[in-house]
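One structure is given here, and the rest of the page talks about it.
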Amino acid sequence: MTSVLPIQTQTPPPNAPGAPPLTIRMHADDNVAIVANDGGLPAGTVLADGLVLRDRVPQAHKVALTDIAQGAPVVRYGVTIGRAAQPLAAGSWVHERLLEMPAARPLEGLPLATVRPAPQPPLEGHTFEGYRNADGSVGTRNILAITQTVQCVAGVTDFAVQRIKAELLPRFPNVDDVVALEHGYGCGVAIDAPDAVIPIRTLRNISLNPNFGGEVMVVSLGCEKLQPERLLPPGSIPLVDERAVADIGASEETPLDVVCLQDEAHVGFMSMVESIMRQAEVHLERLDARRRETVPASELVVGVQCGGSDAFSGVTANPAVGFCTDLLVRAGATVMFSEVTEVRDGIDQLTSRATTPAVAEAMIREMAWYDAYLQRGQADRSANTTPGNKKGGLSNIVEKAMGSIVKSGSAPISGVVPPGERARQRGLLYTATPASDFICGTLQLAAGMNLHVFTTGRGTPYGLAQVPVIKVATRSDLARRWHDLMDVNAGRIADGSASIEDVGWELFRLMLDVASGRKKTWTEHWKLHNQLVLFNPAPVT
Ligand code: CA
């Protein structure tokens, strides 16, 4: 991996001062457009159609294209994103304080599997070099992951991992990394509460992520509520290979490899560290014997997400990701879109795109569960938008959701994955997760993601240690300033120097290169790794 170069982002020079004013309207019914020029446009600017700006409008913010009466709908993406809180004259800046947010769409009476998108021809002949696993899944990296039952063991495990990296890893050149799966769960929690199933199955399924080659090793404290057998019950670990069956005789199960710190055999801290290192070596030897092989693109399991969004997210990066999603689905791959509060306002678009009424109903169940979860905390979906979103021109969650949903492209939605569960089918899947970047990423890892695509407009250095994260900038200005953090510049779509299709294909090809280990993402290059954050809706004791 050391000889692999980071990705070079294609970025045109900045818009020259005095460049022609550029606004982008998404749908023929829209009565607002957004300003694309770097730095925004001053009051008095005459737009291409002769409209004169009455206010200074910042970049990515909306301008009224017609006079909008008080209480009349403000329409973007062909959807009412709010009602005018006061009369808005044509040419004025339309920001969040001038919009009243519409109520959430009720979950009753939704269209179920009513849209039948025209079948797209299969996309054949695309492959990548991946690590085939015993359970049929394919890894894009070859990583030793050390599972922890409880936060108490994190310090000891981290100490051991530093020594493993320094002393053992150089002997195993085919292994990319050693990663401790640290988390805040495991004890001091109501472990029998119904919702505790979510964090527990999340941890279990992350341990089985395709990038870890089925080599599960666990560090346990001993007295914690989440005992190793509860985390990984017998039969939950797929067999490493057929020799393992021979080694363990008649048993069809891989025995669970646990280092228990409270074990009486441990005398002193160093004996615990040495136990972890000794066990790690066994797994490293097996991982080191693995080799990449050519596999079809259908083995990709891609998690798409956005974070630090702006009004360009839904114009440039997310539509390019959506185009790429359609390519992946045509190639037979799995694409997961998530972020419940960012799709809730478009629920009717999603239920109508489900392949069957049962899939649509599963989606509605997940949304209803989340509505109730938010209500318990006396919040609703409007708690989603951040100060940065608003500064970036997104007035409210309805506008943000319309821009977020386009990541799912136009393919039929063929399945729903509840939070923490593993995806068990191909195609476009709705994986029900919160929109929180770290929690969404953690749950997509549990679902079996082997490649992550993340779009950002405000900019975030988000990265994960477990899978490569391809970062897509929504604006050329961000791609230019964060030239060594962003892998793809979708801002070229707003600049007019590339089409949605161009960037979608660029992303598709880049995915195959990154999945094959031929290219490293910038977050891999700098080793920028966010923590796993488990979704625990159950009580803490
Ligand atoms: Ca997010």
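Computed values, structure above
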quantity: Segment 180-191 residues that are open to solvent by 10 Å² or more (accessible area, probe 1.4 Å), paired with ones that are hydroxyl-bearing (Ser, Thr, Tyr) (beta carbon under 8 Å, 6 or more apart); calculated: Ala180/Thr157; Glu182/Thr157; Gly188/Thr541; Ala190/Thr541
quantity: Filter pass, Pro468 being more than 16 Å from the ligand (Cβ to nearest atom) and either open to solvent by less than 10 Å² (accessible area, probe 1.4 Å) or within 27 Å of Pro387 (Cβ to Cβ) (or both); calculated: yes
quantity: Cross-chain or 6+ apart pairs with Cβ under 7 Å, segment 196-215 first and on the phi < 0 side of the Ramachandran plot, then at pLDDT below 95 and of a type outside the set (A, V, I, L, M); calculated: Arg204/Ser236
quantity: Members of segment 69-127 found to be part of a strand (DSSP E or B) and of a type in the set (Gly, Ala, Ser), listed by number; calculated: Gly82, Ala84
quantity: Residue count, segment 147-164 (criterion: surrounded by fewer than 17 Cβ atoms within 10 Å (Cβ to Cβ) and polar (S, T, N, Q)); calculated: 2
quantity: Subset of segment 344-364 (residues that are more than 16 Å from the ligand (Cβ to nearest atom) and basic (Lys, Arg)); calculated: Arg353
quantity: Candidates Gly39, Gly44, Gly18 - the one that is modelled with pLDDT of 95 or more, part of a loop (DSSP other than H, G, I, E, B) and farther than 30 Å from Val514 by Cα; calculated: Gly44
quantity: Residues of segment 301-323 classified as open to solvent by 10 Å² or more (accessible area, probe 1.4 Å), at pLDDT 95 or above and within 16 Å of the ligand (Cβ to nearest atom), total; calculated: 0
quantity: Subset tally (residues that are assigned to a loop (DSSP other than H, G, I, E, B) and either basic (Lys, Arg) or open to solvent by 60 Å² or more (accessible area, probe 1.4 Å) (or both)) for segment 53-68; calculated: 4
quantity: Residue within segment 474-490 that is within 16 Å of the ligand (Cβ to nearest atom) and either of a type outside the set (Ser, Thr, Tyr) or within 29 Å of Ile24 (Cβ to Cβ) (or both) present; calculated: yes
quantity: Matching entry among Ala103, Ala72 (being surrounded by fewer than 16 Cβ atoms within 10 Å (Cβ to Cβ) and over 31 Å from the mean Cα position of the chain (by Cα)); calculated: Ala72
quantity: Subset of segment 508-524 (residues that are open to solvent by 70 Å² or more (accessible area, probe 1.4 Å), touching a residue at least 12 places away in the same chain (Cβ under 8 Å) and under 20 Å from the mean Cα position of the chain (by Cα)); calculated: Lys519
quantity: Candidates Thr334, Thr341 - the one that is within 16 Å of the ligand (Cβ to nearest atom) and of a type in the set (S, T, N, Q); calculated: Thr341
quantity: Lone unmet requirement of (1) part of a helix (DSSP H, G or I); (2) touching a helix residue (DSSP H, G or I) at 6+ places or on another chain (Cβ under 8 Å); (3) open to solvent by less than 20 Å² (accessible area, probe 1.4 Å); (4) not hydroxyl-bearing (Ser, Thr, Tyr) for Glu215; calculated: (1)
quantity: Filter pass, Leu443 being in contact with a Gly (Cβ under 9 Å, 6 or more places away or on another chain) and not in a helix (DSSP H, G or I); calculated: no
quantity: Among the residues listed as Phe454, Phe438, the single one being within 15 Å of the ligand (Cβ to nearest atom), under 10 Å from the mean Cα position of the chain (by Cα), in a strand (DSSP E or B) and among the aromatic types (Phe, Trp, Tyr); calculated: Phe454
quantity: Condition broken by Ala490, with the remaining ones in (1) in contact with a Phe, Trp or Tyr (Cβ under 7 Å, 6 or more places away or on another chain); (2) crowded, with 20+ Cβ neighbours inside 10 Å; (3) modelled with pLDDT of 95 or more satisfied; calculated: (1)
quantity: Whichever residue in segment 391-435 is away from the ligand (no atom under 16 Å from the Cβ) and in a helix (DSSP H, G or I) and, among such residues, is farthest from Arg105 (Cα to Cα); calculated: Lys391
quantity: Conditions (1) in a loop (DSSP other than H, G, I, E, B); (2) more than 30 Å from Leu22 (Cβ to Cβ); number of the one not met by Leu144; calculated: (1)
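Residues checked against (1) in contact with a Ser or Thr (Cβ under 9 Å, 6 or more places away or on another chain); (2) of a type outside the set (Val, Ile, Thr); (3) touching a residue at least 24 places away in the same chain (Cβ under 8 Å); (4) farther than 14 Å from Gly308 by Cβ:
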residue	(1), (2), (3), (4)
Met402	no, yes, yes, yes
Ser414	yes, yes, yes, yes
Glu421	yes, yes, yes, yes
Gln425	yes, yes, yes, yes
Ala432	yes, yes, yes, yes
Thr442	yes, no, yes, yes
Met449	yes, yes, yes, yes
Arg458	yes, yes, yes, no
Ile470	yes, no, yes, yes
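The values are calculated or read from the model by the stated rules, or taken from the named source; none is laboratory data. A quick note: this is a predicted structure, and the numbers were derived from the prediction, not measured. Counting neighbours? That spans all protein chains shown, and the Cβs are built from the backbone with ideal geometry, glycine included. Heavy atoms of the whole protein, side chains included, go into the accessibility calculation; ligands, DNA and RNA do not. Shrake-Rupley method; radii C 1.70, N 1.55, O 1.52, S 1.80 Å.
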